[in-house]
Amino acid sequence: MSDTRARSTRGFSLLEVVIVVAIIAILAAIGIPRMSRGSAGANDAAVSGNLSVLRSAIDLFAAEHGGAFPTAATCADQLTLYTDVSGTTSATKTGGYIYGPYLCSVPPLTVGARRGQSGIAAADANDVGWIYDDTTGDIRANTTTETDDAGVLYSDY
């Protein structure tokens, strides 16, 4: 009886520790790739969601301004500040500045070389996250070759 009691207080054998470490390694090998795929999918969803918000804001602006889209040069201001019927902006809702704001802020781009940039412009620049065409109201991600998991260009979203 004393042999059994002495053995039970000695701890784990080397074989038991190796088996536990092997099991943990197998679980990590399964789990880590799944977690990395999840973050890629989150980026895809973020770009898609941000574009949806921007497109809805542009559509609402056009609806309230007689079908006129925000201008490319002042799009961010026209979406985040108050505007009058002609699209002129103001920081406060006074006088004829009765429309908007349509966004609290322009969301930043979450993928690609311009990641973190929230500028809106007609052409690429260092601080531009979104490319906007003010004749059609079309807005897209400022990416060139970056694709999602399915191989679709983010600029085609």
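The values are calculated or read from the model by the stated rules, or taken from the named source; none is laboratory data. For clarity, every value in this text was computed on a predicted model and none was experimentally measured. Virtual Cβ from ideal backbone geometry, glycine too; neighbours counted across all protein chains shown.
Points to keep in mind about this one:
- The residues listed here are Thr74, Thr110, Thr143; of these, the one that is on the phi < 0 side of the Ramachandran plot and surrounded by fewer than 17 Cβ atoms within 10 Å (Cβ to Cβ) is Thr74.
- Residue ID - surrounded by the fewest Cβ atoms within 10 Å (Cβ to Cβ), chosen from residues in the range 34-54 that are of a type in the set (S, T, N, Q) and modelled with pLDDT of 85 or more: Ser52
- Residue that is in contact with a Gly (Cβ under 8 Å, 6 or more places away or on another chain) and either closer than 23 Å to Tyr157 by Cβ or among the aliphatic types (A, V, I, L, M) (or both), where the choices are Ile98, Ile131, Ile58, Ile139: Ile58
- The range 82-98, residues that are of a type outside the set (A, V, I, L, M) and either in contact with a Leu (Cβ under 9 Å, 6 or more places away or on another chain) or in a loop (DSSP other than H, G, I, E, B) (or both): Asp84, Ser86, Gly87, Thr88, Thr89, Ser90, Thr92, Lys93, Thr94, Gly95, Gly96, Tyr97
- Matching residues, the range 111-152, being in a loop (DSSP other than H, G, I, E, B), hydroxyl-bearing (Ser, Thr, Tyr) and either over 18 Å from the mean Cα position of the chain (by Cα) or more than 20 Å from Gln78 (Cα to Cα) (or both): Thr135, Thr136, Thr143, Thr144, Thr145
- For the range 94-104, the set of residues classified as in contact with a helix residue (DSSP H, G or I) (Cβ under 6 Å, 6 or more places away or on another chain) and either aliphatic (A, V, I, L, M) or surrounded by fewer than 17 Cβ atoms within 10 Å (Cβ to Cβ) (or both) consists of Leu103 only.
- Matching entry among Ala62, Ala57, Ala125 (being modelled with pLDDT of 95 or more, surrounded by fewer than 16 Cβ atoms within 10 Å (Cβ to Cβ) and either among the hydrophobic types (A, V, I, L, M, F, W, C) or in contact with a Ser or Thr (Cβ under 6 Å, 6 or more places away or on another chain) (or both)): Ala62
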